[in-house]
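First up is the structure itself, then whatever we jot down about it.
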Amino acid sequence: MHTQRMAVSVSVLALLTLAACGTESGSGSGSGDGSDTVQSDVPVTGVAWSVDSLTVDGKKTEAPAGSRLEIDPKGRAKAGFGCNHISADARVEGDRITFGKPVSTQMACDETTEKAEKAALAAMDGEVTAKLSGEKLTLTTEGGDTIALSEEKPAGLVGTRWAVNTLLSGETATSVPADLPKERVPHLTFGEDGTVHGNSGCNSFHGKAAVEGSTIDFGPPAGTRKMCPEAEMEVERAVLAALDGPATYTIKGSTLTVTSKDGKGIGATAAPTKSEGTQEHG
């Protein structure tokens, strides 16, 4: 296994595969499997939150771009700040959230990201009060530390440049190596004409991608046939395996997850392409 890559647990996979919809306080009656979901007077569960800043011991830290936090309806919190994956149990009662001891992967991060992660781990430990104001959420600990968040709107599947950062295989999620050359970072963009194009980690590709509901039916891709270092070829093989035949997809905030019928998949983050201007929603 390459040292640049680290397999992370199924808890990260759970974060990537959450359905792309928010949860609001309902009538409380529920139905079906709703009996095992968390009910809250403050609708914080099932929503993708973008982390704006963290304030610990009076020191405010701006969150790295792409930082996010989510509490799923069954009481599990997932967070990311551009490097490690953080998870913790989260019990939601009224406007109070009680976090269990957070667990983090142990990848090396740059100094700015490491500072933000340490602040988050300090704030995500114990009971916090949730205050919702419009699309802004503030979590405040008993000691006065805070996490400031904004509700993340789902990105459109079509017309968005999706940068692949996670490779999925069954119950395992693996980070794409952070030291890939910039031009070799895998990405894909879906067109309104039912096509997809991008780079799979070494070669550029294009092909058919018929979208219907939550399913994408990928046709055989065509593209260049260059050879690259093995680390890049390994990423390419994993990406192309996920984009082969019928697959399901979900969008949660700025995160796209595509999973093929054999469990191969990718996780990607949205970044609009410069040439496409405004995003299109599909």
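The values are calculated or read from the model by the stated rules, or taken from the named source; none is laboratory data. Everything quoted here is computed from the prediction, not taken from an experiment. Here Cβ is always computed from backbone atoms with ideal geometry, including for glycine, and neighbour counts include all displayed protein chains. For the accessible areas, the whole protein counts, side chains as well, though only heavy atoms, and no ligand, DNA or RNA atoms are used. Shrake-Rupley method; radii C 1.70, N 1.55, O 1.52, S 1.80 Å.
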Can you name the residue in segment 143-164 that is out of contact with any strand residue (DSSP E or B) (no Cβ under 6 Å at 6 or more places or on another chain) and crowded, with 16+ Cβ neighbours inside 10 Å and, of all such residues, is farthest from HIS85 (Cα to Cα)?
GLY159
Conditions (1) in a loop (DSSP other than H, G, I, E, B); (2) under 28 Å from GLU151 (Cβ atoms); number of the one not met by THR250
(1)
From the list THR61, THR112, THR140, pick out the single residue that is modelled with pLDDT under 90, open to solvent by less than 50 Å² (accessible area, probe 1.4 Å) and of a type in the set (Ser, Thr, Tyr).
THR61
For segment 167-180, what are the residues that are modelled with pLDDT under 90 and under 20 Å from GLY66 (Cα atoms)?
ALA173, THR174, SER175, VAL176, PRO177, ALA178, ASP179, LEU180
Here the residues within segment 204-217 that are crowded, with 20+ Cβ neighbours inside 10 Å and in contact with an Asp or Glu (Cβ under 8 Å, 6 or more places away or on another chain) are ALA209
Segment 249-267, subset under 14 Å from ASP217 (Cβ atoms) and of a type outside the set (Val, Ile, Thr), residue most open to solvent (accessible area, probe 1.4 Å)
LYS261
Top-ranked residue of segment 115-128 - restricted to ones that are within 22 Å of ILE71 (Cβ to Cβ) and open to solvent by 30 Å² or more (accessible area, probe 1.4 Å), ranked as farthest from the chain's Cα centre (by Cα)
GLU127
Name the single residue, out of those in segment 165-224 being acidic (Asp, Glu) and part of a strand (DSSP E or B), that is farthest from ALA268 (Cα to Cα).
GLU212
Any strands (runs of 3 or more DSSP E) falling wholly within segment 43-159 and containing at least 1 residues that are among the basic types (Lys, Arg):
59-62, 68-71, 76-80, 85-93, 96-99, 126-133, 136-141
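Which one of SER175, SER214 is in contact with a Lys or Arg (Cβ under 9 Å, 6 or more places away or on another chain) and either under 30 Å from GLU151 (Cβ atoms) or among the aromatic types (Phe, Trp, Tyr) (or both)? First the steps, then the outcome.
Working: SER214 fails: in contact with a Lys or Arg (Cβ under 9 Å, 6 or more places away or on another chain).
Just a single option satisfies the conditions, and that option is SER175.
If a residue has to be in contact with a helix residue (DSSP H, G or I) (Cβ under 6 Å, 6 or more places away or on another chain) and either surrounded by fewer than 17 Cβ atoms within 10 Å (Cβ to Cβ) or closer than 22 Å to ALA210 by Cβ (or both) to count, how many in segment 223-248 make the cut?
Here is the first cut: in segment 223-248, the residues in contact with a helix residue (DSSP H, G or I) (Cβ under 6 Å, 6 or more places away or on another chain) are 232.
From what's left, either surrounded by fewer than 17 Cβ atoms within 10 Å (Cβ to Cβ) or closer than 22 Å to ALA210 by Cβ (or both): none.
Adding up the residues that qualify gives 0.
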